[in-house]
Every structure is written in C-alpha cells, then in structure tokens.
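Taking it in order: structure first as structure tokens, then the write-up.
None of the figures in this text is laboratory data; all of them are computed from the coordinates on show. From a predicted model like this one, the values you see are computed outputs, not experimental measurements. Cβ coordinates were reconstructed from backbone atoms using ideal geometry, including for glycine residues, and neighbour counts include every protein chain displayed.
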There are 2 protein chains.
Amino acid sequence: MSTERPPATSYDTRQRILDAASEIFAKEGFARATVRDICQRAGANIAAVNYHFGDKEKLYGEVLLHTYQAMVERHPVAGGVRPEATVDERFAGFVRAFCRRVYSAGPEAYLSWLMAREMVEPSPVLDQVVNTLVRPQQQHLVAILKEMLGPNVPDEVLRSTMGCVIGQILFFHHCRPVVERLFPDRQGRNPDPDRLAEVIVTFSLPGLRAVRAKYARGGEGR
Amino acid sequence: MSTERPPATSYDTRQRILDAASEIFAKEGFARATVRDICQRAGANIAAVNYHFGDKEKLYGEVLLHTYQAMVERHPVAGGVRPEATVDERFAGFVRAFCRRVYSAGPEAYLSWLMAREMVEPSPVLDQVVNTLVRPQQQHLVAILKEMLGPNVPDEVLRSTMGCVIGQILFFHHCRPVVERLFPDRQGRNPDPDRLAEVIVTFSLPGLRAVRAKYARGGEGR
DNA sequence: GATTGTTTCAAACGTCTGTTTTAATCAATA
DNA sequence: TATTGATTAAAACAGACGTTTGAAACAATC
C-alpha cells in the first residue's frame, strides 16, 4: 500500500524465512538447524538469510523474540481471570494460562521447544527475552504468591515457592523424553493442559497455606 | 597384574578419554563437543577415540551410562532413610537424595547437565538409561506416593503427582539460565540442596494429603 | 525507455568436523 | 633376538556448514 515499507515480494520472503526458521529451530535446535534447510522450506535462496537478517544468529534472535511475543498475546498471563477475583482464582488462572502455553500443539508449541533449548544452550538474545518478556510474567506470579503467603515470608522462600509452582508446570515438558520412555502407552500425547493445571492447583494450594502458616508470626496465625 | 586385561597404558588412555569426555560433553553438549578437544584434554591422539570406542556416539553412550551409574551409587535413592521409617520420612529422604544429585558441584554435576541435554536432544542410549537406571528410581517414588495417596487414586493422578514432585526438584536446574537472569545477585550459585529439599517437602506434604482426601472414598475419609 | 536501487540466484569459498589411513612405537612372547 | 599383536602418532580425507561473491532479475523512478 504505502511506499515506506519494502515491497511485498521481499517482505514475503523475509516472513517466509521467519516462519520456516521458527519451525526448524524449534524442532532441530540452533546448532542442528541449517540455513539450507530453512531456505529450502521457505522457498528462498541460501543467500536470503544473510541478505535479510545478517547471519544465522540474528535470524534466530528475531525468531525467538517474535515467537515469545506472539505466545504472550495468545495466552495472557491472567488466564482470563479478572483482577477482582480471589487470589486462589487468580492463581488458578495463572497456572492454567501457563499450562496452555507449554502444552500447545502444532506451531504454538514452538516456543516451548525453543525455550527448553535455551535452558541448555542459552543464546545472546536470552537476556532480552528474560528482561522484557519473562520478567513481567514472573512479577505477576510473585504478586499473587505474596498475597497468598503473607508479608512475613522471606524473599528466598518466595523464590523457592515460585520454583515449586513453575517446576510442576514444566515437568512433563522438560522431561518429556524420560516420561515417554517410562510410560510408552502415553507416547506422543501431550498432557491435557487444563486437567494438569487442575491437579497442580489442587496440589499447590494446601502447600502454599502451609508455607504461609510457617511464616505467620505477630498475631497472623489463626 | 594379570595378563587378561589390556596393559596399563592403554587402559589409562581409555579412562583418561572417558574422564575428559564426560566433562566436555557435560559442558558443551554432544554436538558442540569435538573429539579433538576431548583428546587434547585427555592427552591422547585424535585417532584414540575411534580406536578405543568406535566412534564419538559410542563414547558418549559409555560416558552417560557410567556417569549415571556412579551418581546412583553416590546418592542412593532412599537418601539414608531406613525402610522402617514413616512414609513422610522416606518421602523426605527421596527428595533430599534427588536434590543432592541435581545440585552437586564440580564433576558430580556432570550428570545433571548431561541429562538436561538429553531432555532436549535425546541420544540412542537414553532408552537404556531410562529402563535400567531411571525406572528403579521412579518405582521407588511411586511406591512411596501410593502409600501416601491411598489405594483409590487413579494411575493418571499418580503420574501427575509424581511430576509435581520431580518438577519442583528440577526447576532451578532446568531453568537456571532464566533464574540467573531474573535474579542476577544469585548468579552462579546453586541452591543449597538440603534447604531446597526442606522447602519442597513442606510444600508437598499438605498437597499430597489434599490429593489423598480427594480420592478417599468408601469409608476412608475421616 | 533508461537508470537506479533492491532483491534473487547459482556457484564457490574457507573452515570445521568425524573418521580413516598408514606407518611408527611399544610390550610380550618364542 | 626376532616376531607378533596391540597401541599411538601424524597426516590426510570427505562431507557439511555458514558465509560471500558477482551477476542476473526485478521494481520503481525520472
């Protein structure tokens, strides 16, 4: 339409490369993914990556940022629960949204795979991803947890508790190869996000109350 | 001493390569680790890997199996708690032993790194590792959980609960790059295994009782 | 229609990797 | 001491990879 942005054809190749790259990076990882594969799937020439993105690493950076951004918009952190709801409900909303992110299927699952790989082979963009995209999520959860655990809980316990919650959510994703081999009958099937979220909430709420009770001093314990 | 085993020198190179390889595979991953680096660190010739192990992949397989085996012997699954102890104590022992395995330092940490990489890029030996080394650990935990959750709990819930427990333990290991960037003051420091285990037990016991209560029918509910 | 700047293309470059080769070295046997 | 088999060593091989090159194709401007 306007003359300010690059013409349609070039934008298309750029976008096609981004799409192909997000799939191949997610499935193969940065090292095993080849620019030849990416360009072939995108129907572009090998030189296109260097022309449009500079090099393989910058392409990867753009893929990771875009994919994470899209996922945050697709599954907002509150999980559809209004801020006026009870803490327990907001907690359940957070867990449900997170589970839906992690246990999606198809192209929506690419982010989970990319991030899992980042945990083992961090790339230069991870700093930016954490600071601009992960931190808001973490702050949302910590705010909820602070409300649930009371004002006296030390920061270290708050962090551990946060780890307990997120760890439960991520387990079946991060340990999938082991789970698949332990239970071959379940092979290839993702856990149902909402049912998993329900189990995690059932499991966590009493634990959170126990932690609160442990640190409730000064007339807080009922 | 005896003439039956290979002479000392050759055994030494073989062992030196194994040691060097476990470090480099753990730190760099299978793909980024080069046989040149491994042989240089082992003080051996490049051809030694192929001579003693066949190829890079077989060397890796032996490294993973040996490392896992050593860790199982170093931190037995019961965590020093006797079988006559209460379920809660045995549960705490399991969690503590697992935490100590995952959050060791130095060469003892190699297994955690190797396994974390396996979760993202499974190798052919993973089948054997899971079946011969992981499964006994899992069965030990499941036996404890069955005792804690009662007979009526469905297998799927049992599995989810197991995931909740292991997920909590693994979080700070599997998500270390994110945790480091969220809390730069904690950078480089592993969580203290025993304190983390304590938090996880405190957090989990009430959750486990809640799950038990949920599935306690037929005169079980008090 | 000529010109300019952008985008595509095929081919090649240079590097790094796992592996193989072939000869040298070593230890033990006869 | 001569011989045999196992081990080490240096060098080269063959393939894959990210990147670059230089020309061709294209679109927009004058």
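Assorted remarks:
- Pseudo-label separations to other copies for B:Glu147 - Cα-to-Cβ vector, 7 Å, nm: 4.0
- Annotation for A:Arg189, label-to-label distances across the other copies: 4.4 nm (shortest first, one decimal, point 7 Å from Cα along Cα→Cβ).
- Acute angle (nearest 10 degrees) that the helix B:193-215 long axis makes with the longest principal axis of chain B, alpha-carbon atoms: 40 degrees
- 7 Å along Cα→Cβ, label-point gaps from A:Leu65 to other copies, nm, shortest first: 4.6
- Of B:Lys146/B:Lys214; A:Lys146/A:Lys214; A:Lys27/B:Lys58; A:Lys27/A:Lys56; B:Lys27/B:Lys58; A:Lys56/B:Lys58, pairs whose Cα-Cα distance is over 22 Å: A:Lys27/B:Lys58; A:Lys56/B:Lys58
- Surrounding net charge for A:Pro206, when Lys and Arg each add one and Asp and Glu each subtract one, Cβ distance under 12 Å: +4
- Segment A:1-115, relative contact order in percent, only Cα pairs under 8 angstrom and at least six apart counted: 25 percent
- Mean residue ellipticity, 222 nm, helices only, chain B: the sum of -39500 (n - 2.57) across DSSP H runs of n ≥ 4, divided by residue count and rounded to 500, is -22000 deg cm²/dmol.
- Average other protein chain Cβ within 10 Å of Cβ, residues A:180-186: 4
- Lys, Arg +1 and Asp, Glu -1 on Cβ, resulting dipole of chain A about Cα centre, debye, nearest 20: 420 debye
- GNM flexibility winner over chain A from A:Arg36, A:Arg117, A:Arg90 (Cα, springs under 10 Å): A:Arg36
- For chain A, the longest principal axis of the alpha carbon atoms and the long axis of helix A:56-74 meet at an angle near 50°.
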